[in-house]
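The values are calculated or read from the model by the stated rules, or taken from the named source; none is laboratory data. Values in this document were obtained by computation on a predicted structure and should not be read as measured data. Cβ sites come from the backbone with ideal geometry, for glycine too, and all protein chains shown count toward neighbours.
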Amino acid sequence: MVTQISLLFFFTLHLLVTVVISAKLTIVNQCNYTVWPASSTTTTSENSGNVTRTGFILKPGENSTITTSDNWTGRVWGRTLCTTDSTTGNFSCVTGDCSSGKITCDKYGLPPLTLAEFALNSANNHDFYDVSLVDGYNVPMNIVPLSSSGKCSSTGCPTDLNAVFSAVLGVIQLQIPVSRVCMLRYSRRRVLRPIAMSMMIQAAHSHVRPPITTSYFVLLITPDSVDQGGSVNVSESLVAGSGPNRWLSSSGDFAFGFYQLPDELFLLAIWYDKIQTDSIIWYANGDIPAAKGSRLVLNDSRGLVLTNPQGLELWRSYFTSGTVSKGIMNDDGNFQLQDKNSVAIWDSFSHPTDTFVPNQVMELNGNLSSRQGAFNFSRGRFKLHLQEDGNLVLHLINLPSNYSYDPYYSSGSNGDVKNQTNVGQRLMFDKSGFLYIEKKGGDNISISNQNGTFSTDNFYYKATINYDGVFTVAFYPKDPKRGQSWVIAKTIPENICLYSTFTDGEGVCGFNSICTLTNDQRPNCTCPDGYSLIDSNSMYAGCIPDFQVICQAGGNLGSQDDMYTMKELPNTDWPKSDYEIISPSSLQECKESCLQDCLCVLVSFNQSSCWKKKLPLSYGRKDQVVKGVSVMKLMKNDPFSSLTNQKKDHETLIIVISVLLGSSVFVILTLLGAMFFGFPYNRKKVRGCRTNKNAVDNNLRNFSFKEIVEATNNFREELGRGSCSIVYKGTIEMMVKVAVKKLDKLLQDSDKEFQTEMSVIGQTHHRNLVRLLGYCNEGQHRILVYELMSNGTLASFLFTSLKPNWSQRFQIVLGIARGLVYLHEGCCTQIIHCDIKPQNILLDDRYNARISDFGLAKLLLINQSHTETGIRGTKGYVAPDWFRSAPITAKVDTYSFGVLLLEIICCRKNVEKEFFTEEQGVLTDWAYDCYKTKRLDNLIENDNEVGNDTMSLEKLVMIAIWCIQEDPSLRPTMKEVLLMLEGIVEVMVPRSPYLYGSVSCN
């Protein structure tokens, strides 16, 4: 039996396939673009012919014939939008090429493609051919018999496929008696492509198997509107990581859709679709990347709506009026939402992110904001701004307040007050690739070099404010023979390390760092000797000293020759960190002056002048044009860099004790004098604290409840909840992200809790505390607005399979301790937190520890030493004091800190009985017994980094054991804990923290 049929691939035109059961398959490309048909065989016969899944190239109008075995069983699919690399000869297709990185392939390496399946002369005498959607969808197919008109009136099947699949899919069977029905089989349910089809077809696989005596049938799948000239119909949708992930412009130059980031996250973006790297020109959800399975839908009333897999709205396009009729991905990179009259009611060009492209215009007060990193699209630290006066400037931004420091670059286009025609009015990017500021009088101020530009007919262009603060104009050849990379045509500033005019803030590289310019005119940030990166993943976050500057009356600690060495750094300077100038001076005198000054960490010397500098060091730069030399003071053996390398000098201790004993009379007199003369000061301090308390409202913003609802999008995105509150994510003015804590009005203590937090947090200002920005006290609503911490809680950071590095963990410990010392001793009113736990420690963008949630804090008046209150805190972290009717002091926080310290050391929760043996289930018990039996290696199993620093490990465990003493009188204060952590006070051997023994460590 020999039968001929046609396999039609509908895209813009058709791909015609002629099947000859006698083993010949001819494929004709009638599309107006290149395709790459491919096939695979499932036959067991050795004579499977030349069928291969690698496929072959078919340009428009070309055809090719492949040969199969007589009993071939296999599949044919078509890959589309294909291009070749003229230099390598490699061929790649956007839809269907697993190696392109732009689609997801299944476990067998198959891309999401529509398949035509054939069984020729099969053993069971049932030849069949069908269109299968089980492996996805990329092009609609139509199988048509050549010997028939292709018209028919009914399926003849017991299940009417036309009714099941509506207008999207229909099966029409020709000349088949009702008694000879086809077999319809549904199997493996899976999301199909496109989404419009997946909503109508729940069955992923449909086989139509006619008996051998049947003649022909037709299976129709209507084409997708997403591929028709850049137009998108209402109700069209895309799903992240599943099927077609983008809507293309008519030329295929631009794509709008889901751009895949690392870790299976997706960015809703617009990008140059024919460029593999650095192609994104616009993005929507930079702060909240979408998870796989997130959906984008075009809605007539709401426009573009992005939701996560659970249906929670992540982003949408806002417009004031009108109804969406369609979306358009234009060939200039602008995605528009249009009404029925083709009038744009929203477009991406009006909401730019970090990039400008030809045909785009920026009006006065327009901005571009950088992102934070190569794959971190959160709002960054730099902004390009066309000011109201027409001046184009670059700003360094303080996050999260969004405060703009003074410009570090200015175009000077604000003109003369007397001559307004000389003032800039808009930023233009024309089709020749020329970027300029148009003046009111008609003249231009060039930003890029007009003589060096080429037409957009041959080159792609973009202008970007980069995450390192450099504004660049770049082009990319459309012809691969001219190159396959971005070429930088203009860099502003030309040397951001030298010629930027930073006056405030941390600069490009952060504090205490050195900026050097690379060959591509971009900054490279490094730390000087004795300093380390704050964030090991970002060289722009700045550096911190590996030592601690301690100043006491009388100067430095110890001998300057024993403690310090001076290292020269030629052609290097930190020009904004001077606090004293000595002139005239020699280089040696300059060094000696720094050695004798405990505040001095560095001096710069040039032409008989000496500039002394202290921390933090600002705007460090190294370049041949920098004159003179900087000399950095470094500790030879830092007594604070390791918790284990410092021992008290016993002779010094004896001398100190002798002096104290011999001076006891003097000390007593001094104390009496301090009490006498200090009492008026103390009263003044109390009065000042009361003044500060009454001034809280002046320091915080009073939000209306309506503003809170708008900021949180009607309390849509929940971040977390506690016994008395729910925390939501919100956005206030200038796109500042905030955490909105809504206190439960139904709880009896909520009003008391609100008043407590207002009086406490409103007066606190410390780098290791979360900052309160404002509040709402309207009717029954009690709401607090905090700055949002970008890296979440310590719990989510700590309790993962990948352990944070040891140095980073220790810095977090120090931050928590410093924050608690401030709460206990640095405020006008002592603050007991009462609920220290990893969920209440947040991490900012530099992973600094920030203590949050003062809702359980208990205030103490200055003249009180303890307070009686109900039990507060969380199981596993609560001090035993609460259960013994004992006075509650700040040492309940010391106990909780000790538990938390053990969790940070071991990267596990205090109570985890389901994952550990009975002996290991409670960390506080297990830690002491492992310390007692000298088996601390059991505590840090598989943590090689900590295992290589056993002395530091032992020191920290000893501190933790002192903190968790059941007898509060034996616990150190948090000030004493901090001194032990910093190596200033020696840690004594701890006693058993328990009254009745403990378990054994095995």
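Observations on the structure shown:
- Scan of region 347-394 for residues that are of a type outside the set (Gly, Ala, Ser) and more than 24 Å from ALA269 (Cβ to Cβ), ordered by number: LEU364, ASN365, GLN387, GLU388, ASP389, ASN391, LEU392, VAL393
- The set of residues in region 323-361 that are over 27 Å from the mean Cα position of the chain (by Cα) and closer than 15 Å to THR464 by Cβ comprises PRO358, GLN360.
- If you filter region 602-632 down to residues that are assigned to a strand (DSSP E or B) and touching a residue at least 60 places away in the same chain (Cβ under 8 Å), you find that the one that is surrounded by the fewest Cβ atoms within 10 Å (Cβ to Cβ) is VAL629.
- Sole residue being among the aromatic types (Phe, Trp, Tyr), over 22 Å from ILE496 (Cα atoms) and touching a residue at least 60 places away in the same chain (Cβ under 8 Å), chosen from PHE434, PHE429, PHE356: PHE429
- Residue within region 405-415 that is at pLDDT below 85 and touching an Asp or Glu at 6+ places or on another chain (Cβ under 7 Å) present: yes
- Qualifying residue in region 578-601 (condition: in contact with a Lys or Arg (Cβ under 7 Å, 6 or more places away or on another chain), assigned to a loop (DSSP other than H, G, I, E, B), among the polar types (S, T, N, Q) and at pLDDT 90 or above): no
- There is no residue in region 455-469 that is modelled with pLDDT of 90 or more, aromatic (Phe, Trp, Tyr), out of contact with any Lys or Arg (no Cβ under 8 Å at 6 or more places or on another chain) and within 22 Å of HIS395 (Cβ to Cβ).
- Residues being over 10 Å from LEU743 (Cβ atoms) and either in contact with a helix residue (DSSP H, G or I) (Cβ under 6 Å, 6 or more places away or on another chain) or among the basic types (Lys, Arg) (or both) - total across region 777-792: 1
- For region 936-964, taking the residues that are without any contact (Cβ under 8 Å) to a residue 60 or more places away in the chain and assigned to a loop (DSSP other than H, G, I, E, B), the one that is nearest to TYR877 (Cα to Cα) is identified as LEU939.
- Filtered by the rule that a residue be buried (at least 20 other Cβ atoms within 10 Å of the Cβ), touching a residue at least 60 places away in the same chain (Cβ under 8 Å) and in a loop (DSSP other than H, G, I, E, B), region 469-485 gives a lone residue, GLY469.
- Residues of region 806-843 satisfying the condition of being more than 26 Å from GLN763 (Cβ to Cβ) and in contact with a helix residue (DSSP H, G or I) (Cβ under 6 Å, 6 or more places away or on another chain): TRP806, ARG809
- Looking across region 416-449 at every residue that is of a type in the set (Lys, Arg) and over 23 Å from ALA474 (Cα atoms), the one that is modelled with the lowest pLDDT is identified as LYS418.
- Residues satisfying the stated conditions in region 489-510, i.e. out of contact with any Phe, Trp or Tyr (no Cβ under 9 Å at 6 or more places or on another chain) and not polar (S, T, N, Q): GLU494, LEU498
- Qualifying residue in region 831-840 (condition: in contact with a Leu (Cβ under 9 Å, 6 or more places away or on another chain), touching a residue at least 12 places away in the same chain (Cβ under 8 Å) and in a strand (DSSP E or B)): yes
- Of all residues assigned to region 227-244, at least one qualifies as being modelled with pLDDT under 50, out of contact with any Gly (no Cβ under 6 Å at 6 or more places or on another chain) and within 28 Å of PRO352 (Cα to Cα).
- Members of region 895-911 that are in a helix (DSSP H, G or I) and touching a strand residue (DSSP E or B) at 6+ places or on another chain (Cβ under 9 Å): LEU900
- Check on VAL343, closer than 20 Å to GLY230 by Cβ and assigned by TED's automatic domain parsing to the domain that holds THR456: no
- Residue in region 318-337 that is surrounded by 19 or more Cβ atoms within 10 Å (Cβ to Cβ) and of a type in the set (Val, Ile, Thr) present: yes
- For GLY983: the one exception among (1) in a loop (DSSP other than H, G, I, E, B); (2) within 17 Å of TRP926 (Cβ to Cβ); (3) in contact with a Ser or Thr (Cβ under 9 Å, 6 or more places away or on another chain): (2)
One line per residue, one yes/no per condition, for (1) among the hydrophobic types (A, V, I, L, M, F, W, C); (2) free of Cβ contacts under 8 Å to residues at least 12 places away in the same chain; (3) surrounded by fewer than 19 Cβ atoms within 10 Å (Cβ to Cβ); (4) touching a Ser or Thr at 6+ places or on another chain (Cβ under 9 Å):
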position	(1), (2), (3), (4)
GLY293	no, no, yes, yes
GLY303	no, no, no, yes
PRO309	no, no, yes, yes
ILE345	yes, no, yes, yes
